[in-house]
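The values are calculated or read from the model by the stated rules, or taken from the named source; none is laboratory data. Because the structure is a prediction, the values reported are computed rather than measured. Cβ placement follows ideal geometry from the backbone for every residue including glycine, while neighbour counts extend to all protein chains displayed.
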Amino acid sequence: MKKLILIILSLFPVISVSAQSRITGTVIDDFTGNILPGASVTLVDSNLQTVSDVEGIYYFKGLHAGKYKVAVSYIGFKSDTVLINLGRKNDRYIINKLIKAVIDISEVTVAASRTDKGFRVPATIDVISKKQIQELPLITADDALLLVPGVNASRNYGIYNKTGDVTLRGLNRNIHSLILLDGAPYSLFDGSANLWNKLYPDKIDDIEVVKSSNSALYGSNAMAGVVSINTRKPQKPFEAIAKLFFGTYNTQGGSLSLGGYKGSIDKGFYWKTNGFFRKSAGYIMAPDSIRDTNDVKTYLMEYNASLKAGYNFGKGHNIEAEYEYSFDKRGNGNKFFEEQGSYNHYKTQFVRLAYNKVNDKSEIHLNAFYKREHYIKQNESVKNTGLYSFYNTYTNTNDEGLWCSYSTHKIKHNALTVGADFKSGASLSNDIYHTSVDTIENNGRMTFYGVFIQDQLSLLKDKLVILAALRADLVHFYGGEFHIYSPTLATEFLYDYQRNFDAKTWFALSPKAGIKYIFNENYNVYASYSWGFRPPNVSDLTRTGDVNKGFKLANPDLKPERIQSVELGAGIRPLKWLIMQPVLFYSVGNDFQYFVATGDSVYTSGTKMKPVIKRQNVGRVDIAGFEYKMIMNFTKNLSFVACYSYNYSVIGKYTANSATARDLTGKYLIEVPKNLASGVFTWNNRIVNTSIAAKFIDKEWVDDENTVEMDSYMTFDIKVQRLFYNKINVALTCQNLLDKRFVDSKGYLSPGRYFLAEVTFNW
Amino acid sequence: MHFHGKNCIPCYANKCITGKWFLLYLIACISIGFISSCNKKEAMPPTIQLDAAADYLSKDCILAPGTNFKVRILAEMGDANITNFVIKNTHGSETVSYFDTGVNNETINISKVLTKSVFDSETWTFMVIDKNGKNASVSFTVYNDTSSGYQDIRVFNDLILGAQYCQATGSFLSLNSGNIWFLNDAFTLQDSIEMLYYYDSTGDANTIASPGANIGSFIYPGSISPIYWTVRHETRFYKTAYSASDFYNVQNDSLLLVAYDEINGKRKAKNLVTGDVYAFKTAHIKYGMFVIENVAGTDSGTVQISLKIQK
């Protein structure tokens, strides 16, 4: 008898297991039929969550009979919820067909609203997905911005650029746009020009671009918009991706990404580490006609390592820490005596600590960050007098702060967000001359305080959205000084600019208002009005010395610049395979900060005279423009994206306090091409996946008096790739297929055609 | 690696290292690292000396004002290349840089011709600095020979030099004779020419310079332009704060020796204005001064100067 009971009991687990069921699903694009890997799938009310794998498949097992809601979401698509009635021993298989919701992607973006929730923000937001980043023929992360109209991402020397210049909406400086990394400011308080070299494509999961002034949410440096770089948490208990690449000019390197989680994807510890390395012998940037024995190849060596770790308390509730170290050295292309010649060298550390708690009713986001950039410039030159000059610049720039925001949806039809930001930055610089006894010291500090409030009202069953926001900023500049110790003739051109600079404080209010009407999932229109604010940066206030454009004088009387923008846009999908996004905008910049030539020239280092320039508030700048984006999905494997923008950026009223009598009223802003166009054609097939990109950059003025123009040019890029055994991807990219070479305004040659071969291993 | 027991840590080359020995090894490594970091080697500075051969001055002496003398400076790097070489002259409480140049060499071997000035005593200091900021110096003092007076000078009054296209008078001046030559003749007398005059429409305007000033052939066109001469003496100029009457009062070389600034001397005296007084130093280490008495016209115009120079 006992034996019989034991036998029956031992069968119980088997009986229990066999009474359980599973749900298996595949997530696909409703129009193209393409699988969607990495889609978030939730069993609502049961705290079970998973993601679709590389084949778009997901499953939940060990389920008892009952009713289940399976909710599927994927970036750029409308969410889908399926109700399933699961019986005993009744495995169900479903196909989730998601509809593209480009019209309404504001639901899934963060940068536009500083929240995770579905905001129907009255703006045009562009999201570049991981899939697009992998398909595009790009070498650097900012190459991906050709998918965003109105963005001018220029690298005249390719990967050898000391910086990547990314400007938005007819404004001509990097510093006008805020760059975020996982919600924390990645651009330094003083306008970090080097950050695009640290953001290599493999690390990025998506890029969000919100154009038009966002100072109402983010304060200074968001005058032209916000570019948010996002990296995802690991999607599997263990994942690994390794890449090796080899390219033109003896470029070689690789990347490695490892990550995983313990527990489940929404509860438990997770970690992710990324590493990147690249070196290249480079090419000679001096054109043949002026090349001499001191012109050498502009080499580069860079590496980057980061570690992110966190703990998920539950879905939408986590704490996370991140550390990143990067090393970057790029030659300037000349060498006299020193082994490495003249170069620019950055060593940067970035630390971020975040706490997020998101649920249906409210959100809390806390982001503490610290960034330290150690910049070393080595400069060798021979002056027009034949004298050899050799000096090093050492600049430490520190940036730390805390950003906080709280959002609540408890008030009916309202989404209210409040926040407070604090940031502090210091720039401490020394020029140490080795061919004389001069030492130059240049310092400055700034502290930023900001509070903001935003409310979004949804009416008419969420068809009408009204947004209002207001931010107050207080900025304090102090500790500014410029001194020369043990001066000799080597620094005589700087003698008159030594001083301690008075502390200054600026206050600004930045409002924003917008309205959006969503007819249906295929049509919407919006209008918005916003103010932007940006204080002067420490370098313009205190630093006199050589810059790329000439010899820059410090201007301690510089005032903040402000901008007012009006924007009218729409999202239109007249056909299932065709999406169009036109935008009209007009901006007025007051006290706009602009480099103005004084009319003098001076010999500093080198044999050429440099124009003396000064950053001044030039009165008023008028910027009018039109942007257009068209997305065509011809078939499930064939698509075309086209972007066009027109910018009319002129000095509307010139009132600079300049020693010269020149009037720049009516002159075009320098380095702003009138027309920008790009197109990307993608064809995925069984043999090889292909992506072809074309980019047109119109002429642009290089001097403030509009006497010298840089020619327009067009480039074609192509990428072909194939996945083997579902694990090994082989790709070949060619940028500037037609080998179009040009000499830029500084007199340097572009690199021409560039090849890159890559092999990626995916576990 | 594998483990053999509770006292055995890693196994290398099939030998077991017990915990006790491994700990000692670890302590030794840490100690060596600590000691070596404590005794971090100081960077070696460069070294410098003066050539003591008969032709060169290397120690204290007595000389008459205006006397030229030679020095040879020999320097070697320590741990880093030499990047700066400086010659300074200290008289009383004032120190003046006489020569300051950037280099990037392992060694220096330079000869210089210096001139005894008017001061009772002046100390000449020769210093090299390397890339690490380490320096080395050597010096000597030259005292005034009170038994000798100041040197006589040559005086040339009312010299009229023509610009490059002037038909009335030549552009090229000999400071020995005071003769003025047109280009064709000056080309045959290159060794005599130490000063010239021209007009530059691109910015320098009315300019006095010398054949060694690298004047472009757009000023004096043709194959006999000074830029192509085989002998091109360089004279350097310094615009003084002295007045015309100060100049006219000069009777000997006392003022000529102190008026010229060794560091700030330039290859051209440009944008000439009537009343300006310039000091100059020739390639033959002769000091002089001139006053601008009249400037007229452009590339066919003239300049009138009066000039005084050491004999």
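Quick one: is residue A:442 out of contact with any Pro (no Cβ under 9 Å at 6 or more places or on another chain), more than 14 Å from every other protein chain (Cβ to nearest Cβ) and either assigned to a strand (DSSP E or B) or without any contact (Cβ under 8 Å) to a residue 24 or more places away in the chain (or both)?
On the way: out of contact with any Pro (no Cβ under 9 Å at 6 or more places or on another chain): yes; more than 14 Å from every other protein chain (Cβ to nearest Cβ): yes; either assigned to a strand (DSSP E or B) or without any contact (Cβ under 8 Å) to a residue 24 or more places away in the chain (or both): yes.
When the stated conditions are applied, residue A:442 passes them.
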For the stretch A:298-415, which fully contained strands (runs of 3 or more DSSP E) count at least 2 residues that are within 14 Å of another protein chain (Cβ to nearest Cβ)? A:362-382, A:388-408
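One line per residue, one yes/no per condition, for (1) polar (S, T, N, Q); (2) touching a Gly at 6+ places or on another chain (Cβ under 8 Å); (3) within 14 Å of chain B (Cβ to nearest Cβ):
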position	(1), (2), (3)
A:430	yes, no, yes
A:457	no, no, no
A:463	no, no, no
A:474	no, yes, no
A:484	no, no, no
A:489	no, no, yes
A:496	no, no, no
Could you list, in sequence order, the residues of the stretch A:721-741 that are surrounded by 14 or more Cβ atoms within 10 Å (Cβ to Cβ) and not in a strand (DSSP E or B)? A:736, A:737
Reported set for the stretch A:54-108 where residues are more than 18 Å from residue A:20 (Cβ to Cβ), buried (at least 21 other Cβ atoms within 10 Å of the Cβ) and modelled with pLDDT of 75 or more is A:72, A:74, A:77, A:96
Quickly run through the stretch B:87-128 and pick out the residues that are within 14 Å of chain A (Cβ to nearest Cβ), surrounded by 15 or more Cβ atoms within 10 Å (Cβ to Cβ), modelled with pLDDT of 90 or more and more than 19 Å from residue A:382 (Cβ to Cβ). B:87, B:88, B:125, B:127, B:128
Taking the stretch A:193-214 and keeping residues among the hydroxyl-bearing types (Ser, Thr, Tyr) and buried (at least 24 other Cβ atoms within 10 Å of the Cβ) leaves A:212, A:213
Among the residues of the stretch A:721-760, which ones are within 25 Å of the chain's Cα centre (by Cα) and β-branched (Val, Ile, Thr)? A:733, A:760
Residues located in the stretch B:267-297, provided they are exposed (fewer than 15 other Cβ atoms within 10 Å of the Cβ) and closer than 20 Å to residue B:163 by Cα: B:271, B:273, B:274, B:275, B:294, B:296, B:297
Scanning for something away from every other protein chain (no Cβ under 14 Å), surrounded by fewer than 21 Cβ atoms within 10 Å (Cβ to Cβ) and among the hydroxyl-bearing types (Ser, Thr, Tyr), does the stretch B:150-164 turn up at least one residue? yes
Go over the candidates A:146, A:217, A:178, A:171 one by one and state the one that is among the aliphatic types (A, V, I, L, M), assigned to a loop (DSSP other than H, G, I, E, B) and crowded, with 24+ Cβ neighbours inside 10 Å. A:171
Meets criteria (in contact with a helix residue (DSSP H, G or I) (Cβ under 8 Å, 6 or more places away or on another chain) and not acidic (Asp, Glu)) for residue B:161: no
In the stretch B:152-208, which residues are touching a Ser or Thr at 6+ places or on another chain (Cβ under 8 Å), in a helix (DSSP H, G or I) and of a type in the set (S, T, N, Q)? B:190, B:192
Suppose the filter is within 14 Å of chain A (Cβ to nearest Cβ), modelled with pLDDT of 95 or more and under 23 Å from the mean Cα position of the chain (by Cα); does residue B:82 pass it? yes
Give me the residue from the stretch B:210-226 that is over 15 Å from residue B:184 (Cβ atoms) and touching a helix residue (DSSP H, G or I) at 6+ places or on another chain (Cβ under 9 Å) and, out of that set, surrounded by the most Cβ atoms within 10 Å (Cβ to Cβ). B:210
Taking the condition under 12 Å from the mean Cα position of the chain (by Cα), of a type in the set (A, V, I, L, M) and in a helix (DSSP H, G or I), does residue A:153 pass? no
Just one of A:496, A:473 is among the acidic types (Asp, Glu) and loosely packed, with under 14 Cβ neighbours inside 10 Å; which is it? A:496
Show the residue pairs that are 6+ apart or on different chains and have beta-carbon atoms under 8 Å apart, the first residue being within the stretch A:273-301 and touching a residue at least 60 places away in the same chain (Cβ under 8 Å), the second being exposed (fewer than 15 other Cβ atoms within 10 Å of the Cβ) and not in a strand (DSSP E or B). A:280/A:250; A:284/A:291; A:286/A:292; A:286/A:747; A:287/A:747; A:290/A:747
Read through the list (1) out of contact with any strand residue (DSSP E or B) (no Cβ under 8 Å at 6 or more places or on another chain); (2) under 24 Å from residue B:301 (Cβ atoms); (3) assigned to a loop (DSSP other than H, G, I, E, B), then give the number of the only condition that residue B:220 fails. (1)
Farther than 27 Å from residue B:235 by Cβ and more than 14 Å from chain A (Cβ to nearest Cβ), is that true of residue B:74? yes
Hey, among the residues in the stretch B:238-294 that are over 20 Å from the mean Cα position of the chain (by Cα) and of a type in the set (Gly, Ala, Ser), which one's nearest to the other protein chains (Cβ to nearest Cβ)? B:241
Taking the condition within 22 Å of residue B:305 (Cα to Cα), loosely packed, with under 14 Cβ neighbours inside 10 Å and modelled with pLDDT under 95, does residue B:201 pass? yes
Subset of the stretch B:251-280 (residues that are more than 18 Å from residue B:305 (Cβ to Cβ) and touching a Leu at 6+ places or on another chain (Cβ under 8 Å)): B:263, B:264
